[in-house]
Amino acid sequence: MASMATFFTKTSYPTHSFPKTYNAHFAPTLRLHVSLGSKKKTNQRLQISCGLIEPDGGKLVELLVEESQIDGKKREALSLPRIKLSRIDTQWVHVLSEGWASPLGGFMRESEFLQTLHFNSLRLDEGSVVNMSVPIVLSIDDSQKHRIGESSKVALFDSKGNPVAILKDIEIYKHPKEERIARTWGTTAPGLPYVDEAITHAGNWLIGGDLEVIEPIKYHDGLDHYRLSPAELREEFTRRNADAVFAFQLRNPVHNGHALLMTDTRRRLLDMGYKNPILLLHPLGGYTKADDVPLNWRMKQHEKVLEDGVLDPETTVVSIFPSPMHYAGPTEVQWHAKARINAGADFYIVGRDPAGMGHPVEKRDLYDADHGKKVLSMAPGLERLNILPFRIAAYDKTQGRMAFFDPSRPQDFLFISGTKMRTLARNKENPPDGFMCPGGWKVMVDYYDSLVAASNGKVPEAVPA
């Protein structure tokens, strides 16, 4: 994956050059309507539309049962064939239950799975197309398939034996692992983290159907109050009178270059005529690979960023996105963008190599660093979403702070990679003043101290970003 210093595009915002074979939508278009105060022309005025973007399919598809049904569904689950959910399976139940994947109503049946693999989209009954680039599926093995038999329903249980959901009107079909991996990641090279964790040793069958989730998914890790559903986020944006929502997905600590980008984006939206753009700072909270900074430490760091005033709490909503991470580059970034539409975001900030990683075998990035933002600009079902590419940010030695890179004086800029940042934190060395807020940097140092303590005094090696 590209270093933190290169998360920003080399092209100056908002201009971007693309072939004429498709319509890029990098430069956001104002949503205007005419409000007539009277029939006189002098009273005619233009206003920015303040309504939130509609969810895919026109409404959020939430899959939680009514509270009055909970006890009955628990009893029903005890009478059905059981499937034990893995940690990642449970995270997908969470995603589905809250409507992040709307209009999907459960784990994919074969037709939905094939459309996702081959078209990165789903065609709805009335003919419209919504984006869906990542398969949301549940695998079972031969013995589980045999136990299910002719039943039209199964119960999903967590690792502690608690009933989580009922899957009904089920369909069981072959799990084409190699094709799934090849089409999702563009390679079948060994060492893909999500593949190793969730696919290689999974069952040879997939089971799809309509999902009834018995109770909200909770993790009891002290962070559940950050896990706002799309409906809750929409309610919060409405409460704050947002007339634009711009989403920033991340799975890394926030440095001042990120903050510069986010505050500059808000300024540009204000210049376009929006009155109250709200930032959705949306760290990924599902499965991540072992060398990523864990969620609890990232949330501590994000809290300090707001406490230190790097981002304005009045115009920032911090929430956790429950999806597992695939590291599938341009394919996965479509899922990240689509899910934010369902949460009410109509602008999506995208950088270099979004959702990417280093090649698991060769010494290079797995994906072209610019393909993610290009794919987003022409992805089926994402036409309503305005794509905001990053600008390059680096440490300006003449100003002692993070600034947008000026190619006319490259000697004045210092690029601090993710690997360099981790090495500094691990060695308890401070980065240049102005790279990260002091409170946020202390969290980073404390995190690497905890790793040293856990490894009996051995300092873990830096892992390239």
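The values are calculated or read from the model by the stated rules, or taken from the named source; none is laboratory data. Since this is a predicted model, take the numbers as computed values, not measurements. Positions of Cβ are backbone-derived with ideal geometry, glycine not excepted, and every protein chain shown enters the neighbour counts. Accessible surface is based on the protein model in full, side chains and every heavy atom, while ligands, DNA and RNA are left aside. Shrake-Rupley method; radii C 1.70, N 1.55, O 1.52, S 1.80 Å.
Of everything in the stretch 366-385, what is open to solvent by less than 40 Å² (accessible area, probe 1.4 Å) and within 29 Å of Phe435 (Cα to Cα)? Give them in sequence order.
Leu366, Tyr367, Ala369, Gly372, Lys373
Could you count how many residues in the stretch 408-430 are at pLDDT 95 or above and part of a loop (DSSP other than H, G, I, E, B)?
The number of residues fulfilling the criteria is 2.
Could you tell me which residue of the stretch 393-405 is least open to solvent (accessible area, probe 1.4 Å), considering only residues that are more than 28 Å from Val333 (Cα to Cα) and either in a loop (DSSP other than H, G, I, E, B) or among the β-branched types (Val, Ile, Thr) (or both)? Walk me through how you get there before you give the answer.
Initially, the stretch 393-405 is screened for residues more than 28 Å from Val333 (Cα to Cα), giving 396-401.
Subsequent filtering for residues that are either in a loop (DSSP other than H, G, I, E, B) or among the β-branched types (Val, Ile, Thr) (or both) retains 397-400.
Working: Lys397: 116, Thr398: 90, Gln399: 86, Gly400: 32 Å².
Selected residue: Gly400.
Would you mind telling me which numbered condition in (1) open to solvent by 10 Å² or more (accessible area, probe 1.4 Å); (2) of a type outside the set (Phe, Trp, Tyr); (3) under 28 Å from Glu236 (Cα atoms) Pro360 fails?
The failed condition is (3).
Can you name the residue in the stretch 248-299 that is more than 22 Å from Ile416 (Cβ to Cβ) and of a type in the set (Phe, Trp, Tyr) and, of all such residues, is surrounded by the most Cβ atoms within 10 Å (Cβ to Cβ)?
Tyr274
Need pairs with beta-carbon distance below 8 Å; first residue free of Cβ contacts under 8 Å to residues at least 12 places away in the same chain and within the stretch 216-231, second open to solvent by less than 30 Å² (accessible area, probe 1.4 Å); sequence gap 6+ or separate chains.
Between residues of the stretch 216-231 that are free of Cβ contacts under 8 Å to residues at least 12 places away in the same chain and residues that are open to solvent by less than 30 Å² (accessible area, probe 1.4 Å), the close pairs are Tyr219/Arg227.
May I ask you to say which residue of Ser102, Ser97 is part of a loop (DSSP other than H, G, I, E, B) and crowded, with 20+ Cβ neighbours inside 10 Å? Step through it out loud before you land on a result.
Working: Ser97 fails: part of a loop (DSSP other than H, G, I, E, B).
Answer to the selection: Ser102.
Tell me which residues, restricted to the stretch 203-247, are in a strand (DSSP E or B) and open to solvent by less than 40 Å² (accessible area, probe 1.4 Å). Working first, answer last.
Let us first name the residues in the stretch 203-247 that are in a strand (DSSP E or B), namely 205-213, 244-247.
Within the stretch 203-247, Leu206, Ile207, Gly208, Gly209, Leu211, Glu212, Val213, Ala244, Val245, Phe246, Ala247 qualify.
Looking at Phe390, Phe413, which is the one that is free of Cβ contacts under 8 Å to residues at least 60 places away in the same chain and either open to solvent by less than 30 Å² (accessible area, probe 1.4 Å) or of a type in the set (A, V, I, L, M) (or both)? Walk me through how you get there before you give the answer.
Numbers: Phe390 fails: free of Cβ contacts under 8 Å to residues at least 60 places away in the same chain.
Residue meeting the stated conditions: Phe413.
Mind listing whichever residues of the stretch 174-192 are over 17 Å from Asp141 (Cβ atoms), crowded, with 19+ Cβ neighbours inside 10 Å and not aromatic (Phe, Trp, Tyr)?
Within the stretch 174-192, Ile181, Thr184, Leu192 qualify.
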